[in-house]
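What follows is a short report on a single structure.
The values are calculated or read from the model by the stated rules, or taken from the named source; none is laboratory data. Keep in mind the model is a prediction, meaning the values are calculated, not measured. Here the Cβ positions follow ideal geometry from the backbone for every residue, glycine too, while neighbour counts run over all protein chains shown.
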Amino acid sequence: MGFSIALDDLGSGYSSLRLWSKSRPEFVKIDRHFIQDIDLDITKQEFVRSFVEIAKSMHCKVIAEGVETEAEYRYIKKLSIDFLQGYYFCRPQSQPPKQLCFNSETDSLQPSASSMLKVLARDLCVHKISVNLQQSVGEVAQIFQDKPAINSLAVVQQNKILGLILRSTIQGKLSQNFGRDLYTNKPASEVAMDAVPLTVDATLSIEQVSRLVTSRARYSQEDDFVVSNDGQFIGIGHVIDLLKQVTELQVNQARYANPLTQLPGVIPINDCIDQLVAINNKFVVAHFDIDNFKPFNDVYGFSKGDEVILALGMSLQKFHCFEKDTIGHIGGDDFIALFNSVDWQRRIVAMTESFDRIVSELYHPDHLAAGGFSSSDRYGEQSFHPIVSVSIAALEVAEDSTMSHFEISSMLSPLKHAAKSHQGNSLVVNSVHNCLALNQHKLEQKNCC
């Protein structure tokens, strides 16, 4: 009669996957548990990616419910989910808007700071040769003979990926008894095409591609994969090249990452700054420093001190734009953020508010009520230490800038001193005369000099 079936809350009950496989609905909605904070949870990312891959094989449309933050939206957008639902787009209204407006500037695909530190799927393409539906087995076999380094060819029609033809499959067909007589003139797409190849988006990191490759059935883990951009064919990647890149990346990350937060350290951050300057990219460098951290560490111990540092690292990661910004931990209680987001000041306010909420749970109630505590310094004198806060120095780097990371660091130094001269969370932008207090959940301009 033309009705469609929709399955709600996929993953919320023990029988939902069984019901999905039996009913084969036209629509399936992923439970909001898997969407909430998906940008920060690798396990949820793997679950949702698996749901999407299964849905594609069953020709089923996917709905993601519970999208409430920009970070969740940015991440889910990469997974090619068909429909999104949540408070991020609109709250329930008696007459909801019929169109949603997004900031085209924040939605753009301009080169990002985070992409500078990552090898993406598009970097793994080893060739861009493809064939069409009409090309014969003999023609495809000739291509493989002329290109001995190629293991597979994509079948493409109007730049849409239809499948993958493997060298081994073609050779297997032609090596059979009367194989050449039977198959040479037949279309290769009918004889040897895998209609469901692993296809990865060009913007995925190689870590994400690696997880997709290793999640395949064991017999197909050595097969090549197709790289696409919005469904358009870009090229073919080899698994062996992926493994080399992953190994090299893991070695470099272990060498330069901060051991506590696992964020990029000073060397990759400096390299990223130099690359952003080299491509004439406008961006903001923000230095975050925790105030009153040493007295807190002395009174509460190193374990609690590590929790304060982790609180700032988690807050920075939660509210930065995954596609545009990069967060680094350059040592101790010092962090660096490279912002390409146009709303970077709003993100900083959200970061400091999140940090304050987490840190407040680490203090004794009496210290929290008093706004700090008194303790003896190294000379035995008592002094009062307020609740830890964050001083932020931000420098806007113009598109035509030629500054190196050394010069940028030098220019940040007086801004850091100006920010630390103001009590509580504070932000200094470009000038020591321009200090912004962040304690009132909004930006209030104050004079720091």
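Yes or no, residue by residue, for (1) closer than 14 Å to residue 225 by Cα; (2) of a type in the set (Lys, Arg); (3) under 39 Å from the mean Cα position of the chain (by Cα):
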{"residue": "130", "(1), (2), (3)": "yes, no, yes"}
{"residue": "133", "(1), (2), (3)": "no, no, yes"}
{"residue": "136", "(1), (2), (3)": "no, no, no"}
{"residue": "141", "(1), (2), (3)": "no, no, no"}
{"residue": "144", "(1), (2), (3)": "no, no, yes"}
{"residue": "149", "(1), (2), (3)": "no, no, yes"}
{"residue": "153", "(1), (2), (3)": "yes, no, yes"}
{"residue": "157", "(1), (2), (3)": "no, no, yes"}
{"residue": "161", "(1), (2), (3)": "yes, no, yes"}
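Sort out which residues of segment 75-92 are of a type in the set (S, T, N, Q) and not in a loop (DSSP other than H, G, I, E, B), and write them in order of number.
85
Given the residues 307, 396, 353, which is the only one that is on the phi < 0 side of the Ramachandran plot and not in a helix (DSSP H, G or I)?
Answer to the selection: 396.
Run down 196, 227 and say which single residue is under 27 Å from residue 148 (Cα atoms), touching a helix residue (DSSP H, G or I) at 6+ places or on another chain (Cβ under 7 Å) and surrounded by 18 or more Cβ atoms within 10 Å (Cβ to Cβ).
227
Sort out which residues of segment 202-233 are assigned to a loop (DSSP other than H, G, I, E, B), at pLDDT 80 or above and of a type in the set (Gly, Ala, Ser), and write them in order of number.
Result: 202, 231.
In segment 264-286, is there at least one residue being within 18 Å of the chain's Cα centre (by Cα) and either assigned to a strand (DSSP E or B) or surrounded by fewer than 17 Cβ atoms within 10 Å (Cβ to Cβ) (or both)?
yes
Conditions tested, residue by residue: (1) over 19 Å from residue 87 (Cα atoms); (2) surrounded by fewer than 16 Cβ atoms within 10 Å (Cβ to Cβ); (3) under 22 Å from the mean Cα position of the chain (by Cα).
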{"position": "4", "(1), (2), (3)": "yes, yes, no"}
{"position": "22", "(1), (2), (3)": "yes, yes, no"}
{"position": "28", "(1), (2), (3)": "yes, no, no"}
{"position": "52", "(1), (2), (3)": "yes, no, yes"}
{"position": "65", "(1), (2), (3)": "no, no, yes"}
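Please verify whether residue 398 is loosely packed, with under 13 Cβ neighbours inside 10 Å, farther than 21 Å from residue 301 by Cβ and assigned by TED's automatic domain parsing to the domain that holds residue 313, treating the condition exactly as stated.
yes
Restricting the search to segment 407-416, which residues are closer than 14 Å to residue 336 by Cβ and free of Cβ contacts under 8 Å to residues at least 24 places away in the same chain?
409, 411, 413
Taking residue 354 as the residue in question, decide whether it is under 25 Å from the mean Cα position of the chain (by Cα) and surrounded by fewer than 19 Cβ atoms within 10 Å (Cβ to Cβ).
Criteria met by residue 354.
Residue check, residue 251 against (1) in a loop (DSSP other than H, G, I, E, B); (2) among the hydrophobic types (A, V, I, L, M, F, W, C); (3) surrounded by fewer than 13 Cβ atoms within 10 Å (Cβ to Cβ), all met but one. Which one?
Here residue 251 clears every test but (1).
How do the pairs read when you match residues in segment 61-77 that are touching a residue at least 60 places away in the same chain (Cβ under 8 Å) with residues anywhere that are surrounded by fewer than 21 Cβ atoms within 10 Å (Cβ to Cβ) and of a type in the set (Phe, Trp, Tyr), using Cβ under 7 Å and keeping only pairs 6 or more apart or on different chains?
70/88; 71/322; 74/322; 75/322
Scanning for something basic (Lys, Arg) and either out of contact with any Asp or Glu (no Cβ under 7 Å at 6 or more places or on another chain) or not assigned by TED's automatic domain parsing to the domain that holds residue 134 (or both), does segment 200-214 turn up at least one residue?
Within segment 200-214, not a single residue is basic (Lys, Arg) and either out of contact with any Asp or Glu (no Cβ under 7 Å at 6 or more places or on another chain) or not assigned by TED's automatic domain parsing to the domain that holds residue 134 (or both).
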